[in-house]
Amino acid sequence: MEHLVVRLGARYDDPVQWLVLDATGNEVMASGELENAGALATLPERTGHDTVVALAPTSEILLTWVTLPPRAGRKVISAIPYMLEDELASDISEQFFALGPKVGDEQAVAVVSRQALTEWQQWLSDAGLSCQHMLPDVLAVPYNQNGWALVALKEQLILREDQWKGMQGESTWILPAFSYMARQQTTPVELVTYTDMMLENLPNVNVQQAQLDLPMQVLAQQAIKSSMNLLQGEFKVKRKRSGALRKWAGVAVLALAVLITALVDKSITLYQLEQENASLNAQIDNAVKQAFPNMGAYRDVKRKVRQELARLQQGAGGGASMLMMLEQLRPAFDGSSVRPQTLRFDANRTEIRMQAMAANFEALEAFRRRAEQAGFTVEQGAINNRDNAVIGNVSIRSQS
C-alpha cells in the first residue's frame, strides 16, 4: 500500500508539504506543497488516498526526558505532568503529554498544547483525511548517532540533535543557534546534511553531505517507520468499522443483483461481456501502437510484442540495446532523482534521447556524472525551469 505523508504548519495559513511513497517506501509517486491547511481537501482527489501519516511542527512541541523511580508503575507514569510542571510556562491542564521510548529509568515525553493537537486533527478530518499516526517532524529526520542531522524545506530548517531532541524553524535563527551550541563543544560537531546549503563555514562543525533526495522524501521514509505517535490516550483515533461493513454490504447487494440479472436474461450479460471485450481489445491496440508505432500489422499481439522486445534486446552495432542501456543507467537515475518524461532510442547511433525532469540543475549534473562513470557519453541540451523543477534534453550514447 502506498503512503501519503503530510507536514502540517503551526498555523492554518502556513504552507503544507505532502508526498506519496510507493509500497516499498523507496519511490516517490507524487509530491507538492499546498497553500494552507484548507487545501488539504484536494489531496484525496489528487492522490487517491484518504489515510495519512502527519508530521507536526516541532516548534509547537517540547521533547524532554523524565527520570522515573525504578520499576515505576502506572500511577507514577500518570504523574509525569506534575513532574514537568515547573518546566512549563502554561497550565499543565492545557497540555497533552505523549509518551515516547523508555531507556532504563528515563522516559521520553512529548508535550504539546491540547488546542494545537485538536486543531491539527480537525484540519485533517475536515479534509476527509484519516490520520492515526502523527509525530513531531524533527523525529522524521534520520538519526545521526555521531552528531546532528539537518533537513531544509525552503526557509524552514529541521535540525535533529539526538534520539529525542531537536529544533525546527526559520533558518535565520536556527543556524545562529546551532553555531552557538557548536562553539561550546570541546570537539567538532558531526553534522549530516540532506540539503545543498553551503554550511562549510560553520565553526567547530564537520559537515557530511548526504544523498540529495527530496526533503519530504527523507522525512516521509523515516516517518512511516517511526513508532512514535502523538495520538495517544484521548487523542487516539478509533478505527472505523462501519465503513467496512458498508463495503461488504455493498458487495453482497452487487452480487445478488448480478445473480438476478443472469437468471433473468443471460443474453444481456453475454452481450455486455462482448462489448467489454471489444473495448479492451481497442485499448490494447492503442497501447501497442503508442509503445511500438512502427510495428505494423499483427494477428497475435502477445507474440508480436515479444518479438519487438527481443529486437530491442538484440540491439544494434556494438551490441548495446535500449533495455541494456537503461539497466546500466539505473544507478544514475536512482542517485540523482532525475526522471525521464520522454524516451527515444536511435538503434543506428546506439543513443537514447530523453527529456528529463529534475528538482534542480545540480541533480541533472549529478546524473551526467554518474552516467559517464558508467561508461556513457552524455550531451545536455536546452534546460528550462518549470513548476519548481528543471526540464532538460539529454542525449546518452553507449561507448561500446
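The values are calculated or read from the model by the stated rules, or taken from the named source; none is laboratory data. The shown structure was predicted, so the numbers you read here are calculated from the model rather than taken from an experiment. We place every Cβ from the backbone using ideal geometry, glycine too, and count neighbours over all the protein chains shown.
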Residue in segment 83-105 that is modelled with the lowest pLDDT, counting only those that are surrounded by 13 or more Cβ atoms within 10 Å (Cβ to Cβ) and assigned to a strand (DSSP E or B) = Lys102
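Give the residues of segment 3-27 that are of a type in the set (S, T, N, Q) and touching a residue at least 12 places away in the same chain (Cβ under 8 Å), sorted by residue number.
First, pick out the residues of segment 3-27 that are of a type in the set (S, T, N, Q): 17, 24, 26.
If the condition is that a residue be of a type in the set (S, T, N, Q) and touching a residue at least 12 places away in the same chain (Cβ under 8 Å), then Gln17, Asn26 are the ones that fit.
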message = List pairs: first residue in segment 162-187 and within 19 Å of Leu139 (Cβ to Cβ), second residue among the aromatic types (Phe, Trp, Tyr) anywhere in the structure, Cβ distance under 8 angstrom, at least six positions apart or on different chains.
response = Asp162/Tyr143; Gln163/Tyr143; Trp164/Trp65; Met167/Phe178; Phe178/Trp148
message = Return the pair list, or none, for Cβ contacts closer than 6 Å from residues in segment 371-392 that are free of Cβ contacts under 8 Å to residues at least 60 places away in the same chain and more than 15 Å from Pro340 (Cβ to Cβ) to residues that are among the hydrophobic types (A, V, I, L, M, F, W, C) and surrounded by 16 or more Cβ atoms within 10 Å (Cβ to Cβ), at least 6 apart or on different chains.
response = Glu372/Val378; Asn384/Ile391
remark   = Within segment 144-153, the count of residues that are of a type outside the set (S, T, N, Q), free of Cβ contacts under 8 Å to residues at least 60 places away in the same chain and more than 14 Å from Gln209 (Cα to Cα) comes to 0
request  = Select from segment 25-49 the residues that are of a type in the set (Ser, Thr, Tyr) and more than 21 Å from Leu135 (Cβ to Cβ) and list them in ascending order.
outcome  = Thr42
task = Could you tell me whether Leu129 is in contact with a His (Cβ under 9 Å, 6 or more places away or on another chain), in contact (Cβ under 8 Å) with a residue 24 or more places away in the chain and within 21 Å of Ala223 (Cα to Cα)?
result = yes
ask   = Within segment 165-202, how many residues turn out to be of a type in the set (A, V, I, L, M, F, W, C) and either in contact with a Lys or Arg (Cβ under 8 Å, 6 or more places away or on another chain) or part of a loop (DSSP other than H, G, I, E, B) (or both)?
value = 4
query = Can you find a residue in segment 28-41 that is without any contact (Cβ under 8 Å) to a residue 12 or more places away in the chain and either out of contact with any Gly (no Cβ under 8 Å at 6 or more places or on another chain) or surrounded by 14 or more Cβ atoms within 10 Å (Cβ to Cβ) (or both)?
reply = no
task = Read through the list (1) within 20 Å of Glu35 (Cα to Cα); (2) touching a strand residue (DSSP E or B) at 6+ places or on another chain (Cβ under 9 Å); (3) at pLDDT 95 or above, then give the number of the only condition that Thr193 fails.
result = (1)
query = Of all residues in segment 203-213, how many are crowded, with 18+ Cβ neighbours inside 10 Å and under 14 Å from Leu175 (Cβ atoms)?
reply = 1
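Quick check: anything in segment 29-50 within 21 Å of Ser227 (Cα to Cα), touching a Leu at 6+ places or on another chain (Cβ under 8 Å) and modelled with pLDDT under 95?
Yes, there is a match, as at least one residue in segment 29-50 is within 21 Å of Ser227 (Cα to Cα), touching a Leu at 6+ places or on another chain (Cβ under 8 Å) and modelled with pLDDT under 95.
What residue, of Arg303, Arg386, Arg369, is on the phi < 0 side of the Ramachandran plot, modelled with pLDDT of 90 or more and among the basic types (Lys, Arg)?
Of the residues listed, the single one that is on the phi < 0 side of the Ramachandran plot, modelled with pLDDT of 90 or more and among the basic types (Lys, Arg) is Arg369.
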